[in-house]
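Pasting in a structure now, in structure tokens, and then I'll have a few things to ask.
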Amino acid sequence: MLLNILMSLIILPFLSQSLNNFDGFLILDNDLTQTQKLEAPQRIYTDYLDVKISAKSALAVDAKTGEILYKKNSQEILPIASITKLMTALVFLEHNPGWQKEVSTLASDRRNGGIVYLNTNELLTVNNLFKTALIVSDNDAAMALARITNLPEEEFIKEMNRKARELGLKNTYFVDPTGLNPGNKSTAEEIAKLLNVALQNEEIKKTISTAFYEFEVKGKGKNRKVVLRNTDWLLKSYLEVIGGKTGSLEDAGYCLAVKIKGEKNQEVLIVILGSQSNEDRFQDVKAISDWVFSNYQW
């Protein structure tokens, strides 16, 4: 009897701590084994102050096991702005006409919003068009990517939604390839899954982790240099960023989906939806990453 009481005093606090800290798993990899789940990071502090962020919704998840490390309204369906372009890129890659093929943006590709990087009727390679769409989140480039697949725009959008269902994104819906329409919606949890899939493609990973890129376009009579500086400011921060995608819209606020690597090679997916300012979204990610790496051990 005394032995049972002593064992309870020893075991229950650990069991209680485990239950209180367990926040569930996301299915990021269907091949994840039970052994890998047992390797999930463990909470080391239970009385650590919660992190304060401006975002409406946020999520941090261990990329190896899918364990949710931090969440705030992570299942709320919200506009995702230009994070949409991750899906645009995935669908485009299924119909890529060839990286070195020369194409141009047309007047029909022109969309409002953001800096204009490409003029109509200038020639550039598909590779550089792809980089323009993702590095600086250029809306005209995203429309041109959809167009050069030879799919009608409505069909391309259907393919985006088909791909979302294929990936198990049940609360994700797209109505245009750019993210300018607030009807493009998802949740922080499903955006984490989308980013994880996108980063498995080396072309997307290489592109969205590029801080600076320049190339030439062919115009009438002369060439012109185009300079791209990534909209993800975290690429020049103290964080080691594997890749990420920004988005902003009046209805969406400021959004960011990013994968970062810790000092011990831990990989964490962080999603921010609805931050109050451009700077806030990056500060929110920094605050969450600092909180996660202070509260968990791998």
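What nm value, rounded to one decimal, do you get for the distance between Leu123 and Lys264 when each label is placed 7 Å out toward the C-beta?
My value for the distance between the label points is 5.5 nm.
On C-alpha positions alone, give me the angle between the axis of helix 153-166 and the longest principal axis of the chain, in degrees, nearest 10.
20 degrees
What are the ³J(HN,Hα) couplings of segment 218-234, residue after residue, when phi is run through the Karplus curve with 6.51, -1.76, 1.60 and θ = phi - 60°? Round to Hz, x for glycine and proline.
Using θ = phi - 60°, the values come out as 9, x, 6, x, 7, 8, 9, 8, 10, 10, 10, 10, 4, 6, 8, 5, 5 Hz.
For labels at Ile77 and Gln297 in the simple 7 Å Cα→Cβ model, what's the distance in nm?
In this crude label model, Ile77 to Gln297 measures out at 4.2 nm.
Here is a follow-up. Roughly how tilted is helix 278-295, in degrees to the nearest 10 and between 0 and 90, from the longest Cα axis of the chain?
Helix 278-295 sits at roughly 30 degrees to that axis.
For Arg162 and Glu202, what is the calculated FRET efficiency with R₀ set at 22 Å and r taken between the beta-carbons, to the nearest 0.05?
0.45
What whole number of Å gives the distance from the Cα centroid of segment 115-134 to the Cα centroid of segment 255-278?
Computed from Cα coordinates, the inter-centre distance equals 27 Å.
Under 5 Å between amide H atoms, partner at least 5 residues away or on a different chain: which partners does Phe25 have, H built in plane at 1.01 Å?
Residues meeting the criterion, in which the H sits 1.01 Å from N, are Ile68.
To continue, here is another question. With label points built 7 Å along Cα→Cβ from the Cα atoms of Ile115 and Glu155, find their separation and express it in nm.
For Ile115 paired with Glu155, the spin-label model returns 3.6 nm.
Have a look at Leu26, Ala142, Phe156 and report the one farthest towards the positive end of the charge dipole of the chain, computed about the Cα centre with Cβ charges (Lys/Arg +1, Asp/Glu -1).
Selected residue: Ala142.
Another question about this same structure. Which peptide among 276-289, 187-200, 121-134 comes first, and what is the full order, when sorted by highest mean count of other Cβ atoms within 10 Å?
187-200, 121-134, 276-289
So who's got an amide H within less than 5 Å of the one on Tyr296, skipping anything under 5 residues away but keeping other chains? H placed 1.01 Å off N, in plane.
Distant-sequence amide H within range of Tyr296: Ile44.
Under the 0.36 nm per residue contour assumption, what length would be gained going from the current alpha-carbon distance of Glu214 and Gln42 to full extension? Before the final figure, lay out the partial values.
Details: separation 172, 0.36 × 172 = 61.92 nm, distance 4.30 nm.
Roughly 57.6 nm would be gained on extension.
Arranged from highest to lowest average of other beta-carbon atoms within 10 Å per residue, in what order do the peptides 210-221, 154-165 appear?
My ranking of the peptides, most packed first, is 154-165, 210-221.
Could you size up the charge dipole of the chain around its Cα centre, putting +1 on the beta carbon of Lys and Arg and -1 on that of Asp and Glu, and report it in debye to the nearest 20? Let's see the in-between values first.
Numbers: 35 positive and 37 negative charges, 115 e Å.
Dipole magnitude for the chain comes out near 560 debye.
Bear in mind these aren't lab numbers, they're just calculated from the coordinates by the rules spelled out. All values derive from a computational prediction rather than experimental measurement. Quick reminder, even Gly has a Cβ in these numbers, built from the backbone with ideal geometry, and neighbours come from all protein chains shown.
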